[in-house]
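Written out below as structure tokens is the structure these notes cover.
The values are calculated or read from the model by the stated rules, or taken from the named source; none is laboratory data. As the structure is a prediction and not an experimental result, all values here were calculated from the model. Using ideal geometry, Cβ is built from the backbone for each residue, glycine included, and neighbour counts are taken over all protein chains shown. Just the protein is used for accessible areas: all its heavy atoms, side chains included, with ligands, DNA and RNA removed. Shrake-Rupley method; radii C 1.70, N 1.55, O 1.52, S 1.80 Å.
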Amino acid sequence: MLDVLAMAAHRDDVEQTCGGTLLKMAERGYRTGILDLTQGEMGTRGTSEDRAREAQDAARLLRVSFRQGLDIPDGRVENTWENRIKVARVIREQRPRVLILPYWQGRHPDHYTASVLGYEAAFLAGLRKLGSTPWSRDAGAEGISQLAPHRPFKIIYASLYYDVRPSFVVDITDQFETRFRALMAYTSQYADQNAGSGLFPAEKEIRSRLESMASFYGLLAGVKYAEPFVQKEVGLVDDVTAIPVQSI
Ligand SMILES: [Zn+2]
């Protein structure tokens with residue numbers, strides 16, 4: 001059973017949007033995991049095999065206990081029954097308490113589609129009769145009824161790719177360096193090289209971009225580096241004297 005599962009369209013999305021948070025949770029003793037929907041075969045550089053190896057290297061750095069890549073086509077993440085079932089199966093197997101999804105708006109269709117797909121799969125995963133009625137036994141759902149129903153208690157949205165005011169940020173000051181190294185583990189994509197240098201910023205530029213983003217969200221909360229999240233629910237407070245982030 002996982003405490004936290006982060007799901008995203010592409011390998012390296014999680015490293016960019018919520019890798020520091022995953023590492024921080026692992027350091028606190030929680031079991032964390034990553035579900036990548038695609039294998040990254042459309043990436044300009046490297047093959048999907050390179051990407052798989054690099055994803056495992058990054059997973060080790062972020063200390064996740066579980067990482068799986070589904071076989072949904074890269075560049076064609078669609079919210080179909082088959083894809084929802086693939087994700088629902090993983091949710092039933094891994095039983096996360098917290099599910100981190102991408103934010104539901106963005107530039108890349110794979111990103112915002114992954115958000116809705118993840119939400120609907122989480123809903124499906126909790127349906128007791130999933131896989132045991134005629135309509136829900138279709139295409140890919142075989143055997144899913146053998147897995148106990150499960151819904152994550154909490155769904156939060158990693159919003160770094162989109163310009164939206166976060167509901168809260170997670171302080172990743174102590175995790176920033178390792179998160180940077182986890183992203184740099186994707187050497188086929190990010191390491192300094194000549195081919196396609198017009199497309200991919202060199203390592204130094206990536207670092208300065210990551211620092212700027214993390215500083216911006218950190219500044220909102222009075223810490224050095226942070227990662228932004230949106231939640232749909234209101235925050236519940238028990239003790240108003242313990243609310244963090246100074247007002248004046
Ligand atoms: Zn992506």
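Annotations
- Cα pair distances in the range 143-184, grouped into 5 Å bins until the bin that holds the longest one, percent each: 5, 13, 13, 17, 17, 10, 10, 12, 2
- When Rg and the Kirkwood Rh are both derived from Cα coordinates, the Rg/Rh ratio for the chain amounts to 0.98.
- The Cα atoms of the range 89-215 define a convex hull whose projected area, averaged across directions, is 10.5 nm².
- Only one residue of M42, H10, L101 has its Cα farthest out toward the positive end of the dipole of the chain, where Lys and Arg carry +1 and Asp and Glu -1 on Cβ, and that residue is L101.
- Relative contact order of the chain, pairs being alpha-carbon contacts under 8 Å that are 6 or more residues apart, as %: 22
- In the context of the full protein assembly, R95 retains an accessible surface of approximately 50 Å², using a probe radius of 1.4 Å and ignoring ligands and nucleic acids.
- Share of alpha-carbon pairs per 5 Å distance bin for the range 1-91, given as whole %: 3, 14, 26, 23, 18, 11, 4, 0
- Each Cα pair under 8 Å and six or more residues apart adds its sequence gap; the mean of these over the residue count of the range 1-95 is a relative contact order of 34 percent.
- Spatial separation of Cα centroids for the range 156-172 and the range 26-44, in angstrom: 18
- Bridge type composition, the chain - antiparallel percent by DSSP, nearest 5: 25
- For the range 78-137, the orientation-averaged shadow of the C-alpha convex hull comes to 4.1 nm² (one quarter of the hull surface).
- Surface per residue (accessible, 1.4 Å probe) for the range 25-73, Å²: 49
- Think of the chain as a dipole: +1 on every Lys or Arg Cβ, -1 on every Asp or Glu Cβ, centred on the Cα centre; then among P166, S208, Y119, Y119 lies furthest on the positive end.
- Placing +1 on the Cβ of every Lys and Arg and -1 on the Cβ of every Asp and Glu, with nothing else charged, gives the chain a dipole about its Cα centre of roughly 640 debye.
- Each of L220, V64, A88 was placed along the dipole of the chain (beta-carbon charges, centred on the mean Cα), and the one lying farthest toward the positive end is A88.
- Residues of the range 42-74 with amide N under 14 Å of the 7 Å Cα→Cβ point at E203: none
- Fraction of accessible area attributable to carbon and sulfur, the range 1-155 (%, probe 1.4 Å): 50
- The label point for E142 and the one for R107, both projected 7 Å from the Cα toward the Cβ, are 4.2 nm apart.
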